[in-house]
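One structure below.
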Number of protein chains: 6
Amino acid sequence: MIFVTRKTHFNAAHRLHNPNRSDDWNSETYGKCNYPNWHGHNYIIEVTVAGSPDPETGYVIDLGDLKSIINEKVLEPCDHRNLNIDVPFLEGVIPTSENLVKAFYDQLKDEVEAAASEGSILYSVKLFETERNIAEYCPYITIG
Amino acid sequence: MIFVTRKTHFNAAHRLHNPNRSDDWNSETYGKCNYPNWHGHNYIIEVTVAGSPDPETGYVIDLGDLKSIINEKVLEPCDHRNLNIDVPFLEGVIPTSENLVKAFYDQLKDEVEAAASEGSILYSVKLFETERNIAEYCPYITIG
Amino acid sequence: MIFVTRKTHFNAAHRLHNPNRSDDWNSETYGKCNYPNWHGHNYIIEVTVAGSPDPETGYVIDLGDLKSIINEKVLEPCDHRNLNIDVPFLEGVIPTSENLVKAFYDQLKDEVEAAASEGSILYSVKLFETERNIAEYCPYITIG
Amino acid sequence: MIFVTRKTHFNAAHRLHNPNRSDDWNSETYGKCNYPNWHGHNYIIEVTVAGSPDPETGYVIDLGDLKSIINEKVLEPCDHRNLNIDVPFLEGVIPTSENLVKAFYDQLKDEVEAAASEGSILYSVKLFETERNIAEYCPYITIG
Amino acid sequence: MIFVTRKTHFNAAHRLHNPNRSDDWNSETYGKCNYPNWHGHNYIIEVTVAGSPDPETGYVIDLGDLKSIINEKVLEPCDHRNLNIDVPFLEGVIPTSENLVKAFYDQLKDEVEAAASEGSILYSVKLFETERNIAEYCPYITIG
Amino acid sequence: MIFVTRKTHFNAAHRLHNPNRSDDWNSETYGKCNYPNWHGHNYIIEVTVAGSPDPETGYVIDLGDLKSIINEKVLEPCDHRNLNIDVPFLEGVIPTSENLVKAFYDQLKDEVEAAASEGSILYSVKLFETERNIAEYCPYITIG
């Protein structure tokens, strides 16, 4: 099993706020991340595909193709945008890193697997909100 | 001459927009950076003080003191905030990196120089809007 | 399964030395790392929690809470300290990265899991002694 | 299970080209990576060993020994070399990152495991062709 | 004086060889860097412009424009190429970092200054051959 | 004027303490950095030489030679050592970054300038105590 990863980046504004709860609950739960006029991040995203290299090309996936798919499915809708307002596939999602990384995975899965070598899977999506705060979604790791 | 630098970070939302010009001019001039619902960055700030080490302490400035001054004068007003709306000392400033770095320098100068060794100066402030886009203000470099 | 990671840092002095063996054995086994007057590192620590986001908050764990727990349980006892002498929970431990990372995991497990969403686990602790020398303890990966 | 990783680097020239296919196929498949006069990279390699620390030394593997083995088996043959022409163990291998990382793993496995603590395994080899394009070979992760 | 910097990257093959000197001289002078079948690097380039922000835009130079000029004048001719063979503006230049950085500066100067605010200058070009080996050309710093 | 820089690293223990002042003064002045049993850092050092490339070699200085000089004059005495106790050329120096960087410059100047192209100078030495705390000594920058 070979894992290939493409790393890229975008920036966006967001705010953590659960509209089903009171302002006090939101302020207490999210602290600075709930400030009303938004803040933002330079997000870094790492997308990992697992599979066997195609014997003709030596590629699990052409990383140029992977870059194009990430651009189309994640960066074009999100880059320089407000994640609470502007992104159709994030409607109703509280934009924590945990929720974003799951939404990005779902956005990418079908196109990435269609472009990769036979039998390959989208293994994980990892998101650095800052270089200190990181979330990863990997449905293939099971515990216990 | 010894230069000491403290590096720290904050994140914020912003938007490039000159309210004295038309929406078309703004959209053409700033492109994605003019999108109406804000975007944001993990800003990295580097503050450099130049001087001679105090012979008793060996410090040009105690970097713990420098960290506290940057926190009070720049990070508390800016962190998790909207640079176009929330920051009193940026009122009327288009928040390009060039303009921010000059404003941060002016915020810091007096307190930093008061805390540093005799004769030291605030030499420069450098701001990484992303790791690829950087601005620095240094009034002591002259050309020609 | 979502994985969230908080990255932080501290610095400390240490020395590799097994008091049950001769000085010659120690010098031959550990080389420079056995020098008598200590050396030191800027350690980077990454703590990863695995679980499902709480549906109300969108958090597996509030990374501010995770930061506070790491501060209290690892950074306060270790930062700017001598790992061979000053840290009660490292008494009798040869401070190789392998041994440190296991000890840090044990320090953190209960409080981290109590602060995280229902069913979450402390998945791993990773320690960068330098950016080239790294150890990770993850009791959930089994082989063969 | 403790994982220890040594990170190091080399640089080399290469070109992606499958000699069993036409020039047109190669140009279309590999794009810029097929340019005839070579291009090159600063490769970063991370080698991870999994095992239990030896109770006498506290080491899964002495990272100085691991560094020496990587130097002898990978860096000496590859550093400042042309991966398509100069490296005996890469003869007949199209030097994609996927193929390189598998070849490096095979080069390293026996010597690394002989130098590590009882029962340890060479867990994975990871190769950064650039900081954005990454491949990893880990035969111990199974899916489904 | 404000300094704005754009950081970008390309990769290329090269070899250090002075065709006016003997093979022995070249081998002794350049060591591994003289190996006949080329090696290569992921080069990082930082281009710095100095000037005053345009009062209308707040820009010393639009960093999107600067990116386009670097792409056209340096990256398109050099990326995935052989610096000894493929690049017209490097004909006759031994591709040390010192020589490259001067050649890149000359390539960029006119177009960058035409795109920047009134009175701005191309201040410096910095090239990272690796993250450890760096060259910078800055004609405005004088010594003594 | 071309600037070439070599970046390297070492680690060491140290403690900030002025033996001519009381323990209370030291504790108040240096805080955690005064803890009695030492702490330590992974220091990164950047050495910059300024000059004109030799027309035969294209080098201001062979960076392999510069690496060897830094190894001999700074890393061998300091690496894995205690900067307050073990290093002859630091005797009587309080090991703040400001004082270290000046001492390293003095250690390096003569040998570096003898190895560099005609007329070159040792321009600066920069020391990262951590990635956030940095000192640089550059005797050629004058102010006012």
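You will find that of F:I61, F:I94, F:I85, the residue that is part of a loop (DSSP other than H, G, I, E, B) and within 14 Å of chain C (Cβ to nearest Cβ) is F:I85 and no other. Restricted to segment C:64-82, and to residues there that are among the charged types (D, E, K, R) and part of a helix (DSSP H, G or I), the residue that is nearest to F:R15 (Cα to Cα) is C:E76. For segment D:1-25, the set of residues classified as more than 14 Å from chain E (Cβ to nearest Cβ) and either in a strand (DSSP E or B) or open to solvent by less than 20 Å² (accessible area, probe 1.4 Å) (or both) consists of D:I2, D:F3, D:V4, D:T5, D:R6, D:N18, listed by residue number. Is it fair to say A:I94 is among the β-branched types (V, I, T) and in contact (Cβ under 8 Å) with a residue 24 or more places away in the chain? Spelling it out, A:I94 is indeed among the β-branched types (V, I, T) and in contact (Cβ under 8 Å) with a residue 24 or more places away in the chain. Would you confirm whether any residue within segment F:22-37 is touching a Lys or Arg at 6+ places or on another chain (Cβ under 9 Å) and within 30 Å of F:L122 (Cα to Cα)? Looking for residues that are touching a Lys or Arg at 6+ places or on another chain (Cβ under 9 Å) and within 30 Å of F:L122 (Cα to Cα), one finds none in segment F:22-37, hence no. Picking from residues in segment C:91-116 that are touching a helix residue (DSSP H, G or I) at 6+ places or on another chain (Cβ under 6 Å) and farther than 21 Å from D:D62 by Cβ, the one that is surrounded by the most Cβ atoms within 10 Å (Cβ to Cβ) is C:V112. The set of residues in segment C:47-91 being touching a strand residue (DSSP E or B) at 6+ places or on another chain (Cβ under 8 Å), in contact (Cβ under 8 Å) with a residue 24 or more places away in the chain and hydrophobic (A, V, I, L, M, F, W, C) consists of C:V47, C:V49, C:A50, C:V60, C:I61, C:L63, C:L66, C:I70, C:V74, C:L75, C:C78, C:L83. The residues of segment C:117-144 that are open to solvent by less than 20 Å² (accessible area, probe 1.4 Å) and of a type outside the set (V, I, T), listed by number, are C:S117, C:S120, C:L122, C:S124, C:L127, C:A135, C:C138.
Could we say that A:G40 is at pLDDT 95 or above, surrounded by 22 or more Cβ atoms within 10 Å (Cβ to Cβ) and within 18 Å of A:N133 (Cα to Cα) here? The answer is yes for A:G40. Listed conditions (1) within 24 Å of E:P55 (Cβ to Cβ); (2) more than 12 Å from the chain's Cα centre (by Cα) are all met by B:K126, apart from (2).
Screening the candidates E:N26, E:N42, E:N37, E:N18 for the property of being out of contact with any helix residue (DSSP H, G or I) (no Cβ under 8 Å at 6 or more places or on another chain) and farther than 24 Å from E:G64 by Cα yields one hit, E:N37.
Candidates D:P77, D:P88, D:P55: the one that is out of contact with any helix residue (DSSP H, G or I) (no Cβ under 9 Å at 6 or more places or on another chain) and modelled with pLDDT of 95 or more is D:P55.
For segment D:64-82, filtered to residues that are within 14 Å of chain E (Cβ to nearest Cβ) and open to solvent by less than 10 Å² (accessible area, probe 1.4 Å), the residue that is nearest to the chain's Cα centre (by Cα) is D:C78. Residues of segment B:46-58 that are open to solvent by less than 30 Å² (accessible area, probe 1.4 Å) and either in a loop (DSSP other than H, G, I, E, B) or closer than 23 Å to E:E56 by Cα (or both): B:T57, B:G58. Contact map, segment C:124-140: first residue under 27 Å from A:I143 (Cβ atoms), second residue of a type in the set (K, R), Cβ cut-off under 6 Å, separation 6 or more or different chains; pairs are C:E136/C:K126; C:Y137/C:K102. In segment D:26-45, the qualifying residues are those that are facing another protein chain (nearest Cβ under 7 Å) and assigned to a helix (DSSP H, G or I), and the one that is farthest from E:W38 (Cα to Cα) is D:T29.
The values are calculated or read from the model by the stated rules, or taken from the named source; none is laboratory data. Computed from a predicted model, the values in this text were never measured in an experiment. With ideal geometry, Cβ positions are generated from the backbone for all residues, glycine too; neighbour counts draw on all protein chains shown. The accessibility values were calculated without ligands, DNA or RNA, using every heavy atom of the protein model including side chains. Shrake-Rupley method; radii C 1.70, N 1.55, O 1.52, S 1.80 Å.
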